[in-house]
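The next block holds one structure in the form of structure tokens; read it before the comments.
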Amino acid sequence: MHCPPVRNQAHAGCSANSPNRHPRRVRHDPRRVLRSFAWRRGRLGREFKDVLRDDPRRFLRSKSYAVAPQATETLVTVVEYYNVGLKHFFITADPAEIANLDGGAFGGAWKRTGQTFGAWAIAGRPADSAPVCRFFGTDQYRANGTRIGPNSHFYTGDPAECAYVKTAWPSVAADGNSYPAWTYESDAFALKLPAGGACPAGTEALYRAYNDGAGGDPNHRYVADRAPGGNADWTFEGMVMCRRSRRRRCPSR
């Protein structure tokens, strides 16, 4: 895991919809979600009026409207994108985020590479799998105008590495507070971890490569191929996780 210094990025050049910015996870307002649901159904009853007035988050935690734990595994597909301007790769299994990028968000700068791999949803994941932590470079600025975190994402299924990255490489921002270089966003999906240099049955290796900082813009790529992209400037970091094996169909007779 590497974190070289990042180049100075002005606020104006890194706006929310800039093509030179990594996607950020959208957080929805529960009040808007519940209000929209109730209006579509035409049943804005007493419970919904109460929740809109009081505490929607508490309501969702206490009522059966929340999604129940799933008894069976849910399979997901992780999609890889590439931004030619940034020369960065990005992966996501979030259907809304995939639809957003495929629909031309960020000026259409993020394009599918054609690589996908299988994983599991966090809800109902296999007992022997590990949640993959998703990080984004901390979007805070030092007094000299430099960005604390890189404009990039990092993923790890290693619990120790995840815990370490949550607090590593701290720096003081212009507001006087100290922030780690990477901000934890969520558990993105689940994969299995290798043991003794091998993947568990039913899984295949997922490798990680690093662009060595590339002029102050660090980026990692996660691939099924041992030689990602064939780019000599990238450092191969080896097998880091195990993806779900693709099911092979028997040939028809």
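Structure above, values below:
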item	result
Count of residues meeting criterion [more than 22 Å from Asn20 (Cα to Cα) and of a type outside the set (A, V, I, L, M, F, W, C)] in segment 67-94	6
Residue among Gly124, Gly145 that is of a type outside the set (A, V, I, L, M, F, W, C), more than 25 Å from Ala195 (Cα to Cα) and part of a loop (DSSP other than H, G, I, E, B)	Gly145
Every residue from segment 129-156 that is more than 15 Å from the chain's Cα centre (by Cα) and β-branched (Val, Ile, Thr)	Thr146, Ile148
Every residue from segment 99-118 that is crowded, with 17+ Cβ neighbours inside 10 Å and under 20 Å from Ser152 (Cβ atoms)	Leu101, Phe106, Ala109, Trp110, Gln115, Phe117
Evaluation of Phe89 against (1) crowded, with 18+ Cβ neighbours inside 10 Å; (2) under 14 Å from the mean Cα position of the chain (by Cα); (3) farther than 18 Å from Val132 by Cα (one fails), failing number	(3)
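Only the coordinates and a few stated rules stand behind these numbers; no lab work does. These numbers were taken from a predicted model, which means no experiment stands behind them. Here Cβ is always computed from backbone atoms with ideal geometry, including for glycine, and neighbour counts include all displayed protein chains.
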